[in-house]
Amino acid sequence: MSTENPTSTSDDAAHGALNELSDVRLATALEVHNQLGALTRQLHDSLNGLGLAAKVKDWAGELPDAKSRLSYIARLTGEAAEKVLNQVDQAKAQHDFIASETQRIGALIVKDPVAAVAKGHVMNFIHDVEGASKKVDQHLTEIMMAQDFHDLTGQVIAKVVNLAATIEEQLVLLLIKTAPPDAPVKQVSHEPYVPALDGPVVDGSGNPDVVTDQSQVDDLLASLGF
Amino acid sequence: MSKELRFLIVDDFSTMRRIVRNLLKESGYADADEAEDGVVALQKLRNSTFDFVVSDINMPNMNGFQLLSEIKKDDKLKHLPVLMVTAEARKEDIVMAAQQGAAGYIVKPFTKATLEDKVNHILTKMGLK
């Protein structure tokens, strides 16, 4: 009778296999880690070599700004749409009023034209229509003013697009720099980046260098004697 | 009857030019022309007669500050009131515009009442109203 325990042999084999697997995993992890390290070093050296390290820092600062700019666009377009729909609702209410009053006064005139004039119905109607028309005109002006979001968001979009284009351009330069020697490389033209003016204030809260409404502009100019 | 005043509206966004033009018309100033940047504005100002300039700042080719500077350097144009209507809200920009001779400064977004008030105030100050 054999003294060998079959369960024990099986456990040892399993244990050995697990150890081997663990070794393989460890080796793979180390290899991946080393590769990542080499890539990071290569990226770091390339960025430094290209003078891009500082730019990457700038991007890191600008990306959250781009996010808040996109939020600003979403807010402004949302507010404009809301404003237009509200003004349209109010203008339509005035229009309905004019339409129903016209029908009512028409019926009164058909029934008894003299009485319609004598009792003041016609004059009241004229007065009411004049008032309603004025209100409709105000609503139309507000609808027109709401379109200013096009200018404001357009400027902000241009800035975000500019940032994306700059990052893309620098990444292309990086790719060219790190490409294998025999890889075909297409030359890219490097247009100098011309910074624009600041444009709309996306979030002026807590920034003492900007104004957030017209009254602050007037106060500032008045304080300077203009 | 006083002569009708002629306005030049300078902005790279056509939407904003239309808004300003319509608002001026509603305020009684129907005679207006438009330019999409400072270069075009300067050409129009030198080739025609205007009484008032409403200008954006952030524009391609020639921005509002450069336009203002060119206007103030030109003996034939320097008397023209220039009202800046812009999204540029930095205090240093506002001060710079005033120092360069801008007649007024409006930050976008603005209201009809603000534009009307500023235009009327400038015209009254210049004795044109």
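If you look at the Cα atoms of the protein assembly as shown, you get an Rg and a Dmax of 33.4, 132 Å.
Counting only Cβ charges, +1 for Lys and Arg and -1 for Asp and Glu, the dipole size of segment A:74-117 around its Cα centre is about 40 debye. For B:LYS129, a cut-off of 18 angstrom between C-alpha atoms picks up these aspartates and glutamates, skipping any fewer than 8 places away in its own chain: B:GLU4, B:GLU26, B:ASP31, B:ASP51, B:GLU116, B:ASP117. Excluding residues on the same chain fewer than 8 positions from B:LYS72, give the lysines whose Cα lies under 17 Å from its Cα. Cross-link targets: B:LYS44. Both radii are taken from the alpha-carbon atoms of segment A:94-168; with Rh as the Kirkwood radius, Rg/Rh is 1.51.
In this Cβ point-charge picture (+1 for Lys and Arg, -1 for Asp and Glu), chain B has a dipole of about 320 debye about its Cα centre. Can you tell which of A:ALA165, B:LEU24, A:TRP59 lies farthest toward the positive end of the dipole of the protein assembly as shown, using +1 and -1 charges on the Cβ of basic and acidic side chains (Lys, Arg; Asp, Glu)? The Cα lying farthest towards the positive end belongs to B:LEU24. Count charges around A:GLN214 for me, please; just the other residues with Cβ under 12 Å from its Cβ, Lys/Arg as +1, Asp/Glu as -1. Around A:GLN214, the charge tally is -2.
Excluding same-chain neighbours fewer than eight residues apart, the lysines reachable from B:LYS108 by a Cα-Cα span under 23 Å are A:LYS67, A:LYS83, A:LYS159, B:LYS25, B:LYS91, B:LYS118. Provide the net charge surrounding A:GLU142, with neighbours chosen by a C-beta distance below 9 Å and charges set as Lys +1, Arg +1, Asp -1, Glu -1. Neighbourhood net charge equals +2.
Database remark: amide H of B:TYR105 closer than 5 angstrom to the amide H of B:MET84 (H placed geometrically; neighbours at sequence offset of 5 or more, or on other chains; Pro and chain starts carry no H). Summing charges over neighbours of A:VAL84, with a neighbour being any other residue whose Cβ is under 14 Å away from its Cβ, gives -3 when K and R count +1 and D and E count -1. Around the Cα centre of the protein assembly as shown, unit charges on the Cβ atoms of Lys, Arg, Asp and Glu (plus for the first two, minus for the last two) sum to a dipole of about 1620 debye. The calculated pair-distance distribution of chain B uses every alpha carbon pair, bins of 10 angstrom beginning at 0, and gives 13, 50, 34, 3, 0 percent. May I ask what percent, to the nearest 5, of DSSP beta bridges between residues of the protein assembly as shown are antiparallel? Around 5 percent antiparallel, to the nearest 5. Summing -39500 (n - 2.57) over the DSSP H runs of n ≥ 4 in chain B and dividing by its residue number, what mean residue ellipticity at 222 nm do you reach, to the nearest 500 deg cm²/dmol? Rounded to the nearest 500, the figure is -13500 deg cm²/dmol.
Read the figures in this text as sums done on the coordinates, not as results from a lab. Remember, predicted model here, so these are calculated numbers, not experimental data. No Cβ is skipped: glycine too gets one built from the backbone with ideal geometry, and neighbour counts run over all protein chains shown.
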